[in-house]
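Have a look at the structure below, then the notes.
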Amino acid sequence: MSGEFDRARQYSHRMFLYEVVIERPLSRVDALRANRPKRLPIVLSQDEVRRLFNELSGVHQMIARLMYGCGLRLLECMRLRVKDLEFDLGQIIVREGKGDKDRRTMLPQILREPLREHLTSVYSLHGVDLNAGFGAVYLPYAFARKDASAATDLEWQYVFPSSRLSVDPRTNIKRRHHLDENAVNRVFAKATERVKFTKRVTSHSLRHSFATHLLESGTDIRTIQELLGHADVETMIYTHVLSKGGRGVPSPLDQLG
């Protein structure tokens with residue numbers, strides 16, 4: 001019995017090491033013993049990014065452009081609130097990202113006016129909800145206790161609200177949530193099919209492409225790490241997928257002339 005207790009305690013210590021110190025959570029008990037294969041991220045060329053954007057329209061194209069232009073994960077994009085878009089400072093605040101950390105990233109100049117126009121429809125929809133007796137959104141738990149009335153404030157509304165009201169299973173309150181990320185992914189998947197990519201492209205490929213293209217343009221890896229919200233050398237993987245291939249080293253076959 002004491003042996004089982006010792007093993008459980010050792011595993012608890014290892015869990016703390018990986019989840020808190022190294023920030024790499026264990027997915028199963030034998031994760032320490034198993035060497036998980038490392039896969040290179042799927043990256044699009046700039047031309048492929050343009051072709052993908054051309055297959056999207058409206059709000060879905062804007063979401064894709066934000067993911068590529070800012071390095072956002074899809075769920076981070078869905079969870080954006082109006083107050084997180086800081087137009088004057090040219091930045092976006094990503095709240096409660098991976099590891100429950102906040103970070104800043106750029107707000108591309110080319111998206112500022114389209115986003116302002118998009119927000120006018122968000123404001124109008126919020127006004128309709130308020131007139132109908134709704135208009136409250138989910139607030140982070142700690143803030144909800146501090147100021148529950150903020151739920152109806154414009155600044156807390158989602159940048160990409162759902163097209164319909166739904167009952168929040170956490171509170172049984174009927175309100176407007178953000179767009180369903182699974183539904184967005186389905187639209188994205190159909191767009192990639194129309195482009196006929198020869199590689200398995202997902203919405204996350206836009207974030208990978210953001211990092212790789214910044215690296216290609218000369219941005220230092222430390223800055224890219226901060227923009228992505230990476231806590232360790234995870235960002236280094238993008239040095240292996242630069243567009244030049246082979247880590248930028250020319251093939252001897254090409255040197256034969």
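Read-outs throughout are calculated quantities, based only on the coordinates presented, and are distinct from any laboratory measurement. Here the structure is a predicted model, which means the values were calculated and not measured. Counting neighbours? That spans all protein chains shown, and the Cβs are built from the backbone with ideal geometry, glycine included.
For a quick check of your reading of the filter: which GluC sites (Glu not before Pro) in segment 83-117 sit in a DSSP loop and have no more than 13 other Cβ atoms within 10 Å?
E96
Show me the ranking of peptides 155-162, 192-199, 166-173 by mean Cβ neighbours inside 10 Å, starting with the highest.
Highest-to-lowest ranking by the protection proxy: 155-162, 192-199, 166-173.
When 1/r is averaged over all different Cα pairs and the result inverted, which Kirkwood radius in Å belongs to segment 46-240?
Result for segment 46-240, one decimal place: 17.9 Å.
Eigenvalues of the Cα gyration tensor times 5, then square-rooted: what semi-axes does that give for segment 126-192, in whole angstrom, largest first?
25, 14, 11
Sort 140-153, 178-191 by the packing proxy (mean of other Cβ within 10 Å over each peptide's residues), most packed first.
Order by mean packing, descending: 178-191, 140-153.
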